[in-house]
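Shown next, in structure tokens, is the structure this report addresses.
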Amino acid sequence: MASSQRLLPDPPRISPTRGKSAPAAAASGAEVPMSGSAKWAVGGIIGGSAAAGLLAAGSSALALYFARRVITPARARDEDQEVLAVIRDGHGLQVILAATDDATVEGTYGFFFDGGRGHARIGQIISYSPAERTVQREVEAVYSGDLTTARRGYWSGVAHPDPASIGLPYEEVQIEADGGNAPAWLVRAGPEADIWAIMIHGRGASRQEGLRAVRTARELGMSSLLISYRNDGLAPSAPDGRYGLGSTEWRDVDAAIGYALGHGAREVVLFGWSMGGAICLQTADLSRYHHLIRAMVLDAPVINWVNVLAHHADLNRIPSAVGRYGQLMMSHRLGRRLTGLAAPVDLKTMDWVSRAVELRTPTLILHSVDDEYVPYGPSAALAEKNPEMVTFESFNRALHTKEWNVDPERWERLVLAWLRRQLAPRPNPGQPKAEWPRPEAPSAPR
């Protein structure tokens with residue numbers, strides 16, 4: 001409205017002067033009657049300005065909503081997977097599900113129901129009817145809850161609830177972190193283990209996510225520490241209750257490394273899934289223990305937040321300019337009053353494609369080309385820009401962070417082979433390095 005006020009100031013309240021021409025009347029300060037076309041022109045200017053103002057306000061609100069959704073932890077998962085029937089098959093169970101993108105991919109998965117209190121492990125596909133949009137799968141185990149009464153739930157890569165469910169003894173330990181103690185599981189490999197694996201889960205997930213790598217770590221003689229971190233519902237929340245997308249959470253990993261070093265570790269290997277990968281990269285860059293991080297294994301990691309946020313804006317049909325405005329709100333100091341962040345999130349420092357040459361920790365990245373949540377492009381680009389430090393292995397069919405679920409044998413084989421090379425005794429100066437074998441071709445789609 002400001003522009004229209006400058007163009008059309010309110011006329012003085014004086015009666016029109018009869019008999020004067022319009023220019024003369026205007027010169028005398030009298031009101032000039034508007035023609036119909038002039039009224040429409042003024043209405044268009046005012047209406048257009050109002051519409052532009054509403055559009056700008058709407059875009060700002062949408063950008064703020066987008067920004068807050070990214071950085072605010074969700075306290076409950078959407079139960080978006082429908083259960084159509086549960087069938088008894090001898091002594092076991094089978095489940096018929098609505099044929100979603102998740103439920104129609106082969107592999108072994110977790111299914112949570114009853115508000116997350118129920119947990120089942122779902123196995124192979126028995127039948128699939130595209131016409132009826134149904135899929136029937138084997139139920140390998142029910143860990144908690146009554147699956148026969150479930151009507152809805154959510155799909156997960158977490159196939160097991162705790163280390164005991166994969167046959168491994170463990171301890172509940174507490175790591176002193178910012179704001180209090182953060183619970184962790186410790187799975188010991190033996191008294192001689194002086195290299196520990198630290199497992200860092202992704203956004204909205206839990207320490208259960210790292211169970212997929214524990215056996216592999218144990219086979220390499222590493223004890224595993226499966227940690228919690230701020231705002232994940234288990235560790236103490238940050239004062240602002242917001243994710244830092246890796247820019248704050250790395251401090252909790254730093255505390256976990258300190259715990260490991262204080263309990264027998266000499267070096268560590270970081271494992272990270274999704275945002276946990278971004279946290280690993282920040283830890284390797286900023287931790288006081290960075291020189292003791294022997295290697296990193298990253299599964300579907302966030303390598304460049306700008307790329308991921310642009311992808312999600314597109315998925316949600318948010319205009320790219322609005323998505324960029326949301327990013328600006330997160331990263332600018334003036335936006336923190338709106339987003340609730342205690343400090344801006346510097347997205348540029350977490351763009352590891354641009355910072356590729358700065359990564360000096362040997363890193364293995366496993367990422368599916370079919371990842372619908374975090375595009376694999378930046379993972380491949382990082383490996384291309386820094387082949388000395390980064391090895392990239394692509395998978396097919398797996399959705400986000402489900403590479404192990406789709407092909408556990410290949411996942412474990414690749415990680416074992418790569419880590420054996422990294423953990424081998426370091427050569428003497430001048431001794432040539434052993435060559436890493438050529439990457440395997442991705443598994444063919446079934």
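Label zone of HIS332 (point 7 Å out along Cα→Cβ, amide N under 16 Å): in the range 67-88 this covers 67-68.
Converting phi to 3J(HN,Hα) with the Karplus coefficients 6.51, -1.76 and 1.60 and the offset θ = phi - 60°, the range 349-363 yields 6, 9, 8, 7, 6, 5, 9, 3, 5, 7, 7, 10, 9, x, 9 Hz in sequence order, with x at every glycine or proline. On full extension, the segment bounded by GLU219 and ASP194 gains 7.6 nm, given 0.36 nm per residue less the C-alpha separation.
For SER144, nonlocal amide neighbours, meaning residues 5 or more places apart or on other chains whose placed amide H falls under 5 Å from its own, are HIS119.
Remark: the range 388-401, residue by residue, has Karplus-estimated 3J(HN,Hα) of 5, 10, 10, 10, 10, 10, 8, 10, 10, 6, 5, 7, 4, 6 Hz, where x stands for each Gly or Pro and the curve is 6.51 cos²θ - 1.76 cosθ + 1.60 at θ = phi - 60°. Go from 0 up to the bin containing the longest alpha carbon distance in the range 258-373, width 5 Å each, and give me the % of pairs per bin. Spelled out per bin, shortest first, that is 2, 10, 17, 19, 19, 14, 11, 6, 2, 1, 0.
What number, in percent, do you get for the relative contact order of the range 225-282 if the mean sequence gap of Cα pairs under 8 Å and at least 6 apart is divided by its residue count? Answer for the range 225-282 is 33 percent.
Coordinate-derived values only; no laboratory data. Bear in mind that the values here come from a model prediction, so they are computed numbers and not experimental data. For neighbour counting, all protein chains shown are included, and Cβ atoms are generated from backbone atoms with ideal geometry for every residue, glycine included.
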